[in-house]
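These notes concern the structure reproduced below.
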Amino acid sequence: MANNAIGRVPAHHAGKQRVPDMIPDGVHVLSLPSIRSLTAVDVNAAASEILDMSKDRFYHVKSPFEQKWAVHHDGIYDLPPAVEKAMQFLEGPVFEAHAKNANVPSLAPDGDRYYGGVFRYRTQGRLQAHVDAGLRPYAEGKSRWRKHWTALMYLGKGSGDLQFWRGDKCTADNPKLYEGIGFVRPSEPKVVLFENNDYAWHGSAPNWSHWDRLVLTVSYLSNEVDAFDNKREREFFVPYPDEEWDAYTYAARDLRAKCLDK
Ligand SMILES: [Fe+2]
């Protein structure tokens, strides 16, 4: 691709890659009936609240790798009531029902919501394939924590599949993706959970609908710092199998992976 200038969102990858219509092993999906059986969270109210939040509550993340609006981190404990209830649903019942049995005794919801997020992906909003951060950045006086599991909740009607990919180990030299292994369609409320291991490649295709794709994220941390080799403190992006990056895009990727500013 010739025009992957830094700061410009590439127009490629309009969801063209064929990814099988299945959910990969190890990925847990709760659809609306399961959500309703676990909680009284009003997903429609939460979606409306996110759409009604003032623009200054968000910052625009726009890079060659992502195009989204994220609630400022210092406002992550000051959410509208139904959104807060949905976050607590991920931190409580979803964790209890699905992640607690992961054979990781220290696994617990991220009490600081360091990785907690509320996101709006407007039309064309996208997130390049990546593996999430492996370790929580070191904080003075605190032990290190592994970002061991990732939980997402889709609330809106927006499109742009959450795609999972088979690829090299994320710590390999210049890791590559090979093929899509499954996807989750976000256009109706769902919860998705997966282990953030060294092969947990995922990304979101562009939202080509007029609805915003609304996403909440919560992480479950453990003290098993060495459970996986991924010691990066931010997500690490890679090209799709049919995509070529120029040297500037790789440099931007590497810089992004080292920069801890949120
Ligand atoms: Fe991710």
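What follows is calculated from the coordinates using simple rules that are stated; it is not laboratory data. Remember, it's a predicted structure, so these values are computed and weren't measured experimentally. Neighbour counts run over all protein chains shown; Cβ positions are idealised from the backbone, glycine included.
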Which of Leu162, Leu38, Leu221 moves most in a GNM of the chain, Cα contacts under 10 Å?
-> Leu38
Along the positive direction of the dipole of the chain (beta-carbon charges: Lys, Arg +1; Asp, Glu -1; about the Cα centre), which of Leu107, Leu162, Ile50 reaches farthest?
-> Ile50
Taking H as built 1.01 Å from N, whose amide H comes closer than 5 Å to the amide H of Phe58, not counting residues under 5 places away?
-> His72
How high is the FRET efficiency from Ser143 to Lys176, r the C-beta distance, R0 35 Å, rounded to 0.05?
-> 0.55
Charge dipole magnitude, Cβ of K and R +1, D and E -1 - the stretch 199-245, Cα centre, debye nearest 20 = 200
Cβ charges +1 (Lys, Arg) and -1 (Asp, Glu), total dipole of the stretch 3-257, debye | 400
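Compute the FRET efficiency between His60 and Ile23 as 1/(1 + (r/R0)^6), taking r as their Cβ-Cβ distance and R0 = 45 Å, and round to the nearest 0.05.
Calculated transfer efficiency: 0.90.
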For the stretch 108-262, shape from the Cα gyration tensor axes a ≥ b ≥ c, cut at a/c of 1.5 then a/b versus b/c, turns out oblate
Ranked from fewest to most other Cβ atoms within 10 Å of their own Cβ, Ser63, Ser54, Ser143 fall in the order Ser54, Ser143, Ser63
Rounded to whole Hz, the Karplus (6.51, -1.76, 1.60) HN-Hα couplings of the stretch 30-39, x for glycine and proline | 10, 8, 4, x, 5, 4, 5, 6, 9, 7
Amide H partners (placed H, <5 Å) of Gly156, local residues excluded | Leu214
The chain, Gaussian network, Cα under 10 Å: of Ser222, Ser34, Ser187, the residue fluctuating most is Ser34
Collect residues whose amide H, placed 1.01 Å from N in the peptide plane, falls under 5 Å from the amide H of Gly134; neighbours closer than 5 in sequence don't count.
-> Arg232, Glu233, Arg234
Cα→Cβ-extended label distance, 7 Å offset, between Arg122 and Lys258, nm = 3.3
Please build a GNM for the chain, connecting alpha carbons under 10 Å apart, and tell me which residue among Pro109, Pro206, Pro80 fluctuates the most.
-> Pro80
Per-residue HN-Hα couplings for the stretch 20-27, Karplus 6.51 cos²θ - 1.76 cosθ + 1.60 at θ = phi - 60°, whole Hz, x for Gly and Pro?
-> x, 7, 7, 9, x, 3, x, 9
Rounded to the nearest Å, what's the spacing between the alpha carbon centres of the stretch 181-202 and the stretch 209-262? Just the number, please.
-> 14
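Would you compute, from DSSP H runs of 4+ residues alone, the mean residue ellipticity of the chain at 222 nm, taking -39500 (n - 2.57) per run and dividing by the full residue count, rounded to the nearest 500?
Counting only the DSSP helices, I get -4000 deg cm²/dmol.
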Given 5 Å bins starting at zero, what is the percent of C-alpha pairs of the chain in each, up to the one with the largest pair distance?
-> 1, 6, 13, 18, 21, 19, 13, 7, 2, 0
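If you rank Met87, Met153, Met53, Met22 by fewest surrounding Cβ atoms within 10 Å, what's the result?
Met22, Met53, Met87, Met153
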Could you state the number of Å between the C-alpha centres of the stretch 33-48 and the stretch 82-110?
-> 15
Tell me, His73, His210, His130, His98 in order of fewest to most beta-carbon neighbours within 10 Å?
-> His210, His73, His98, His130
